[in-house]
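Student: Dropping the structure in here first, questions after.
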Amino acid sequence: MRLRDEGLAVPGWHWVQFNPGLPLVLSSLFRVFPHGVIATARHATAVATGLMPLLPFLLWRGVLGFRWRLSIGAALALWPGQIIFSGVVAQENWALLPVVALGCLAARRLRDPAGGGFPIAAGLLYAAAGAIRQDMFAAALLPAVAAAGLPGIVPGRWMRARRLAAAALVPLLALAAQRQAATGRFAVTSEHGGLTMLGTLAPSSAATGWVDPMLAIAAVEPALLTDPVALRRATWRLAWNETRRRWRFHGLRAAASAFRLCVESEAGDLYWGLEAPATQPPATAPAAAAFARAARPLLRVEQALISGVFFASLLLALRRRDAAPLVLGAAALVEVLVQVLFSPQGRLMVPVIALEILVIGLAVSSAGGGRARLLALGTAVAAVLFVTAPPLHALAVQKDEVPPHVRRFPLLIAGGGGVYAQCAIESGRVWVIAGDRAVVGADPPAPGPGRIRCRIPPLPTRGALSLDLEVDDPGSIRIAADGRPIVAPAGSPGPGPSWRRAPMTAEGETAPGEIVLEGTGGGTFGFGLVARLPGSRPLPRDTVFP
């Protein structure tokens, strides 16, 4: 939306977090269809993923027979996990088109070594895949080289290499110039790679694959939380320190993540397609949740079978020295490795599974009389993955550490001109730190409620200061500002259905120097400080700063 309304070089935190490809595509669509942007984005995503099965059918003409091209296209079209996920506006869905097209061109060239290759198309597709998801720069490199016709000693090889490089570099340099105009940083990739890797390595990450690493940072270098630029630069060093500290455990965690991704990722995508907030209208949300519960075990079986037959197909390709499925399979395995290192989230497996289906199609079409043995071996591998993944994941969770104890941390005052409150835990523990929000609660098995004291430095100018609370019962929280009790109104609206906003000062009044919050029960509560300085625009109630 901001790229559409304020220009392609509008500055903002999104340049830190997001790759440029999908925002650029969507902003262009929003200019053509300015109304109903959410529906436009979802429909465009569904159309893009719906066109993807046509690629092997069209691009493998002359490489595979009609029956096999139709079968592989149908497998991609009827792939259950993708059907459910196809309406989710995610980078993974949009990466399918360039990744599958590149894989098809690579296989076409490798099945016809005398052909000239497709260097310009390969370069453009490689740039598009990396611009949408930067991890594709690693995963799609080998298919791009193969599609350009570089393998082997063939006439015109260096000319094709130059065309490939030029076709990839021109759009990537344009995207880097766009980022430089917005941020002053000339780069195609985002800046959150170290933060992502640290979230994969942080204590307690094994259960879900990734946790917000702010607690881990606050436990070792809390001052970094006040300097986002220094924090992003330091995360690579912190990730390396964490790797060295628990390298044996991280080896186990990586293996468990790989097995889990091969079985569980499509089942996890049901949340994004059917169960996430605002995914379904209220009238259909219960039915969607019930369908997700029923489909989750079936998707585990389906993905285990795809993974098993994929590995069996690679073994067959190795024995026959069939380069086409080996190159596509290598791309899929590189992407799994990148996920295991950086962010083992299920939705990131969507392009991998598409490549696996292409590999299976190539292997089965050329297996001849060995198809039955291929499928039998694939089923056996699938059974091993299905049986092994859950206990291996449980073992990694058991061996993982609990979230670190944080005693002191800075908390951004939203709208306060960059001022941070300095907070200290007096009892209990802090469970979440997210920019201008924190969650505090009891520390089982230790008895007693969570209690936190935050010192508020002077604001740049006198202005209204409010306290946001996330708690079901406002009466379960005691609040004091400079020793004066404050009551959070039960009906006061806040940034979200479970948040309440309690005003502490009006404009022109001096902000309190200290607030103390204490939960009277054994649960958790979230809180944040929000300032409105003279001349500033009111902050939206759903503002949460990254």
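The values are calculated or read from the model by the stated rules, or taken from the named source; none is laboratory data. Just so you know, these numbers come straight off a predicted model, no measurement behind them. Every residue, glycine as well, gets a Cβ built from its backbone with ideal geometry; the counts of neighbours run over all protein chains shown.
Student: Check Gly117, Gly149, Gly130 and return the single one that is part of a helix (DSSP H, G or I), assigned by TED's automatic domain parsing to the domain that holds Leu24 and in contact (Cβ under 8 Å) with a residue 40 or more places away in the chain.
Tutor: Exactly one of Gly117, Gly149, Gly130 is part of a helix (DSSP H, G or I), assigned by TED's automatic domain parsing to the domain that holds Leu24 and in contact (Cβ under 8 Å) with a residue 40 or more places away in the chain, namely Gly130.
Student: Tell me which residues, restricted to the stretch 4-42, are over 21 Å from the mean Cα position of the chain (by Cα), assigned to a helix (DSSP H, G or I) and either on the phi > 0 side of the Ramachandran plot or surrounded by 15 or more Cβ atoms within 10 Å (Cβ to Cβ) (or both).
Tutor: Arg4, Leu29, Phe30, Val37, Thr40
Student: Against the condition under 25 Å from the mean Cα position of the chain (by Cα), among the basic types (Lys, Arg) and over 30 Å from Arg111 (Cβ atoms), how does Arg245 come out, does it pass?
Tutor: no
Student: I've got another one for you. Across the stretch 347-381, which residue is surrounded by the most Cβ atoms within 10 Å (Cβ to Cβ) among those that are more than 23 Å from Leu78 (Cα to Cα) and not hydrophobic (A, V, I, L, M, F, W, C)?
Tutor: Gly370
Student: Inside the stretch 421-450, can you point out the residues that are within 18 Å of Ser476 (Cβ to Cβ) and either part of a loop (DSSP other than H, G, I, E, B) or touching a Ser or Thr at 6+ places or on another chain (Cβ under 8 Å) (or both)?
Tutor: Gly428, Trp431, Val439, Val440, Gly441, Ala442, Asp443, Pro444, Pro447, Gly448, Pro449, Gly450
Student: On the basis of being crowded, with 21+ Cβ neighbours inside 10 Å and assigned by TED's automatic domain parsing to the domain that holds Gln91, does Val384 make the cut?
Tutor: Against the criterion (crowded, with 21+ Cβ neighbours inside 10 Å and assigned by TED's automatic domain parsing to the domain that holds Gln91), Val384 does not qualify.
Student: Right, here's the next one. Restricting attention to the stretch 249-285, and to residues there that are without any contact (Cβ under 8 Å) to a residue 60 or more places away in the chain, of a type in the set (Gly, Ala, Ser) and assigned to a helix (DSSP H, G or I), which single residue is nearest to Phe342 (Cα to Cα)?
Tutor: Across the stretch 249-285, the extreme among qualifying residues is Gly251.
Student: While we're on this one: Would you confirm whether or not the stretch 302-325 contains a residue that is assigned by TED's automatic domain parsing to the domain that holds Pro151, within 24 Å of the chain's Cα centre (by Cα) and of a type in the set (A, V, I, L, M)?
Tutor: There is at least one residue in the stretch 302-325 that is assigned by TED's automatic domain parsing to the domain that holds Pro151, within 24 Å of the chain's Cα centre (by Cα) and of a type in the set (A, V, I, L, M).
Student: Additional query: With Phe291, Phe249 as the choices, which residue is surrounded by fewer than 21 Cβ atoms within 10 Å (Cβ to Cβ), among the aromatic types (Phe, Trp, Tyr) and in contact with an Asp or Glu (Cβ under 9 Å, 6 or more places away or on another chain)?
Tutor: Selected residue: Phe249, the only one of Phe291, Phe249 that is surrounded by fewer than 21 Cβ atoms within 10 Å (Cβ to Cβ), among the aromatic types (Phe, Trp, Tyr) and in contact with an Asp or Glu (Cβ under 9 Å, 6 or more places away or on another chain).
Student: If you check every pair at least six apart or on different chains, which have Cβ atoms under 6 Å apart with a residue in the stretch 44-56 that is more than 23 Å from Gly361 (Cβ to Cβ) first and a residue that is surrounded by 22 or more Cβ atoms within 10 Å (Cβ to Cβ) second?
Tutor: Correct list of pairs: Thr45/Asn93.
Student: Now, a different point. Would you mind telling me which numbered condition in (1) surrounded by 14 or more Cβ atoms within 10 Å (Cβ to Cβ); (2) at pLDDT below 95 Ala128 fails?
Tutor: So Ala128 meets the others, but not (2).
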